[in-house]
Amino acid sequence: MAAHTLTFDIGGTHMKAAVVDEAGALISERAMIDTVPEAAPPDVVKSLATMVAPLGAFDRVSVGFPGVVRDGRVLTAPNLGTDKWQGFDLGGALSSALAKPVRVANDADLQGLAVIEGKGVEMVITLGTGFGTGLYQDGRLGPHLELSHHPFRQRETYDEQLGNAARKEVGAERWNKRVEKAIANMRRLTNFDHLYIGGGNARRIAFALASDVSLVSNVAGLQGGPALWRD
Ligand code: BGC
């Protein structure tokens, strides 16, 4: 029988989850709670386990985490607090709490797995609390690059210039100009064949997109879950 994957999309503002089938279609309700910035990682795991209790049965768990993770362990969590999260075995803790195997990936990397076509160089960027990126070649996820923390303009990083706090501060027009410039930089940097733009603020883009750039639904953050289990 095809496996059902409980998928978490952990964000700086909300934490979401749903059970999805092999093809990435949602087969449960979507659950969502607000992110509590000061919460300790073990308490976050408890809240996540409570949140998904009504969602029904699943065989395995995928997590999109907003930072750098390796082998289920958190290395950085810029929007949740790296000081609190660094070294936390998120995969292990969730696996104990839910009694299922768990795989953890960067949130943008996981989101892209739901939308790429699997041909050539494809890139995803996510516009949310922070600026996420994922890069793929012929459908395979490349090593995670924290481009979000790379210098962008005026001595600030992509995260600082494009994140939700910056958007609120500078307003729609200036934020849109920055997004346009960031897309041009990504094009020069990766020569992508196609770029996908996701995240909660993708809908705020007010300029015309080139034919090799498209917007994707934020639900993709949950739909990429099963792809983490394809070896
Ligand atoms: C983090 C990335 C993450 C992005 C979107 C950034 O602050 O550095 O790892 O993918 O936010 O959540």
_Between ASP21 and ASP193, what is the label-point separation in nm under the 7 Å Cα-to-beta-carbon projection?_
2.8
*asked:* With +1 on the Cβ of every Lys and Arg and -1 on the Cβ of every Asp and Glu, and nothing else charged, how large is the dipole of the chain about its Cα centre, in debye rounded to the nearest 20?
replied: 440
*Pull up the cross-link candidates among the aspartates and glutamates for LYS100, meaning alpha carbon to alpha carbon under 20 Å and not fewer than 8 places away within one chain.*
ASP9, ASP21, GLU22, GLU29, ASP43, ASP59, ASP71, ASP89, ASP231
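Just add up the charged neighbours of HIS194: K/R +1, D/E -1, any other residue whose Cβ is under 14 Å from the Cβ of HIS194.
-3
If you take the beta carbon distance between GLN86 and ALA208 as r and set R0 to 41 Å, what does 1/(1 + (r/R0)^6) give as a FRET efficiency, to the nearest 0.05? Walk me through the numbers before you get to the answer.
Values: r = 41 Å, r/R0 = 1.01.
Given R0 = 41 Å and the Cβ-Cβ separation, E is 0.50.
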*May I ask you to evaluate 6.51 cos²θ - 1.76 cosθ + 1.60, the Karplus curve with θ = phi - 60°, for each residue of segment 158-169 and list the ³J(HN,Hα) values in order in whole Hz, giving x for glycine and proline?*
4, 4, 5, 8, 10, x, 5, 5, 5, 4, 5, 6
*Sum up the charges of everything whose Cβ sits under 13 Å from the Cβ of PRO78, counting Lys and Arg as +1 and Asp and Glu as -1, but leave PRO78 out.*
-4
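For VAL20, what is the net charge nearby, where nearby means another residue's Cβ is under 13 Å from its Cβ and Lys, Arg count +1, Asp, Glu -1? Write out the running numbers ahead of the final one.
Working: positive: LYS16, ARG30, ARG60; negative: ASP9, ASP21, GLU22, GLU29, ASP59.
Surrounding charge for VAL20 is -2.
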*Of SER96, GLY120, ASN106, which is farthest on the positive side of the dipole of segment 89-146, counting Cα position, with +1 on Lys and Arg Cβ, -1 on Asp and Glu Cβ, and the Cα centre as origin?*
SER96
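Coordinate-derived values only; no laboratory data. Everything quoted here is computed from the prediction, not taken from an experiment. Using ideal geometry, Cβ is built from the backbone for each residue, glycine included, and neighbour counts are taken over all protein chains shown.
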